[in-house]
Amino acid sequence: MIESLLVANRGEIARRIIRTAKRLGIRTIAVHSEADADLPFVSEADEAVLVGPPNPALSYRNTEAILAAAKATGAQAIHPGYGFLSENAEFARTVEASGLIWVGPDADAITAMGDKINARNLMAAAGVPVAPGTTDPAADLDAAVTAAAEIGYPVMVKAAAGGGGMGMGVAVDEAALRTEYDKVRAFAERMFGDGSVLIERYFPRVRHVEVQILGLADGRVVALGERECSVQRRNQKLVEESPSPAVSPELRVRLLAAAVRAGEAVGYRNAGTVECLLVPRQRDSEGDVPGSEEFFFLEMNTRLQVEHPVTEYVYGIDLVEEQLRVASGLAPTFDPDALTPAGHAIEMRINAEDPKRFLPGPGVVTTWVEPSGVGVRVDSGYTEGNTVTPFYDSLMAKLIISGATRDEVLGRAKEAVAGFQVVGPKNNLPFFAELLDNEEFRSGAYDTGIVSRMR
């Protein structure tokens, strides 16, 4: 097992990784910016190194400073968490070239999945369903117009190098496409340094379902169930649950098998997620039409996901421990041939943002009271007295609820949301209280438009 680990991240995910590493007897090193010096993850690590000012480009994305911190502290491995450098193939290569262990998939897999068009083509070749769309970047507006006419409106205009819900627009006709193409291309060039654009069929009523995969040290790829991620604002997730209330047993078999093929196609190692769009089952006069559910590959996230805890509860494993075991060349703690999911879990992202318009609302935390009880877990990055700054993502904590059934989880979730007190920064707890009373959500028959219909 790895003996010392530098966590190249911040907030709740840094605390989450440190917690498991400490349990395993691994020495932990935190890196932090000037703005984060007082956050819990810094004091909870065995060592901490200041790597730069608040600007993430000069701190958490500062590869030279992070590698220097690893060298100075004698770190054996680097865990990137999610965001920042987690899907930076060049950083992964540099880490390994420096003689350190990279806790994640290899750089080639990151590169292969980092470009949406290349990923689509690889998945199609591997027999994974993909939505109708371009197999090459739309080189200019005329090419985009031609492609959209062949695919059929409405279409999604996507930055090929994008991720996290960024760099996307919907066009219902050619006039809208002309506007969205220029907008997405400019955004992609500015944010990702790559203006390549993908045109893909857009489904107005769709669900977002993803599969957790784990590439083991012996070369096998296993699927650890699916997560429902359809509660979103601006294409970014707010709530995730497992198992998905929309996935039938027959569909689950197909979905998980496709995710395994996706991982095998790129020789995947470590934790990753295969994200899909699910077109709900069709119905006729006699009810549901068997086998009519369609799903399409969306993208692969070559890292640990924010929502990994719901899978941990359903499968009874610690995904960070499994990541560390794979990176150490060790077998998993579970039997890959006898996976036995049980129960249900839901995660809510507690963000420092307005609960109506979801605009950021940073500030000093004057009150922070976390709920507790059976089936309640809080992964937090802040506590009373800390400051939520405008420099980073608005995520303050994750509220994870588990239980034997979805109904039991919903009941526990209502009590937990009511008992979670945050004063100072704006927060979206009132939104979750509203969502948990929403009949569409409670029924399980919701899609990615649920938040817009609530507003």
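The values are calculated or read from the model by the stated rules, or taken from the named source; none is laboratory data. Remember, it's a predicted structure, so these values are computed and weren't measured experimentally. So basically every Cβ, Gly included, is an ideal-geometry build from the backbone, and we count neighbours across all protein chains shown.
Is at least one residue of region 49-62 within 22 Å of ASP106 (Cα to Cα) and in contact with a Leu (Cβ under 7 Å, 6 or more places away or on another chain)?
Taking every residue of region 49-62 in turn, at least one turns out to be within 22 Å of ASP106 (Cα to Cα) and in contact with a Leu (Cβ under 7 Å, 6 or more places away or on another chain).
Could you tell me whether region 3-20 includes any residue that is over 16 Å from TYR60 (Cα atoms), among the small types (Gly, Ala, Ser) and surrounded by fewer than 24 Cβ atoms within 10 Å (Cβ to Cβ)?
yes
Okay, residues lined up against (1) aliphatic (A, V, I, L, M); (2) within 30 Å of SER394 (Cβ to Cβ); (3) modelled with pLDDT of 95 or more; (4) surrounded by 24 or more Cβ atoms within 10 Å (Cβ to Cβ):
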{"position": "LEU216", "(1), (2), (3), (4)": "yes, no, yes, no"}
{"position": "GLY219", "(1), (2), (3), (4)": "no, no, yes, no"}
{"position": "LEU224", "(1), (2), (3), (4)": "yes, yes, yes, yes"}
{"position": "ARG227", "(1), (2), (3), (4)": "no, yes, yes, yes"}
{"position": "ARG234", "(1), (2), (3), (4)": "no, yes, no, no"}
{"position": "LEU238", "(1), (2), (3), (4)": "yes, yes, yes, no"}
{"position": "SER242", "(1), (2), (3), (4)": "no, yes, yes, yes"}
{"position": "PRO245", "(1), (2), (3), (4)": "no, yes, yes, no"}
{"position": "SER248", "(1), (2), (3), (4)": "no, no, no, no"}
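Name the residue, out of GLY381, GLY375, GLY403, GLY343, that is within 30 Å of ARG27 (Cβ to Cβ) and in the same structural domain as ASN235 (by TED's automatic domain parsing).
GLY381
Only one of ALA418, ALA413 is at pLDDT 95 or above, under 24 Å from the mean Cα position of the chain (by Cα) and either in a strand (DSSP E or B) or hydrophobic (A, V, I, L, M, F, W, C) (or both). Can you tell me which?
ALA413
Looking at this structure, is THR94 touching a helix residue (DSSP H, G or I) at 6+ places or on another chain (Cβ under 9 Å), among the polar types (S, T, N, Q) and free of Cβ contacts under 8 Å to residues at least 40 places away in the same chain?
Judged against the criteria, THR94 is a match.
Please work out which residue is farthest from GLY99 (Cα to Cα), limiting yourself to region 64-79 and to residues that are touching a Ser or Thr at 6+ places or on another chain (Cβ under 8 Å) and crowded, with 16+ Cβ neighbours inside 10 Å.
Within region 64-79, the match that is farthest from GLY99 (Cα to Cα) is ALA65.
Looking at LEU216 and the list (1) farther than 22 Å from ALA131 by Cα; (2) touching a His at 6+ places or on another chain (Cβ under 8 Å), which single condition is not satisfied?
In the conditions (1) farther than 22 Å from ALA131 by Cα; (2) touching a His at 6+ places or on another chain (Cβ under 8 Å), LEU216 misses (2) alone.
Do you know which residues across region 259-284 are outside any helix (DSSP H, G or I), buried (at least 18 other Cβ atoms within 10 Å of the Cβ) and not charged (D, E, K, R)?
VAL266, TYR268, ASN270, ALA271, GLY272, THR273, VAL274, CYS276, LEU277, LEU278
Within region 101-110, does at least one residue satisfy the condition of being more than 23 Å from the chain's Cα centre (by Cα) and not in a loop (DSSP other than H, G, I, E, B)?
no
Taking the stated definitions as given, is LEU256 within 27 Å of GLY403 (Cβ to Cβ) and either without any contact (Cβ under 8 Å) to a residue 40 or more places away in the chain or in a helix (DSSP H, G or I) (or both)?
Yes; evaluated as a whole, the condition is true for this residue.
Against the condition at pLDDT below 95 and not assigned by TED's automatic domain parsing to the domain that holds ASP194, how does ASN121 come out, does it pass?
yes
Return yes when ARG357 is of a type in the set (D, E, K, R), out of contact with any Leu (no Cβ under 6 Å at 6 or more places or on another chain) and either at pLDDT below 95 or at positive phi (or both) and no when it is not.
For ARG357, the condition - of a type in the set (D, E, K, R), out of contact with any Leu (no Cβ under 6 Å at 6 or more places or on another chain) and either at pLDDT below 95 or at positive phi (or both) - is met.
Just checking, does region 31-43 include any residue being acidic (Asp, Glu) and over 19 Å from ALA72 (Cβ atoms)?
yes
Is there any pair linking a residue in region 146-160 that is under 9 Å from VAL172 (Cα atoms) to one that is of a type in the set (D, E, K, R) and exposed (fewer than 15 other Cβ atoms within 10 Å of the Cβ), with Cβ under 7 Å and at least six apart or on different chains, and which?
Once the first residue is under 9 Å from VAL172 (Cα atoms) and sits in region 146-160, its partners that are of a type in the set (D, E, K, R) and exposed (fewer than 15 other Cβ atoms within 10 Å of the Cβ) give TYR153/ASP173.
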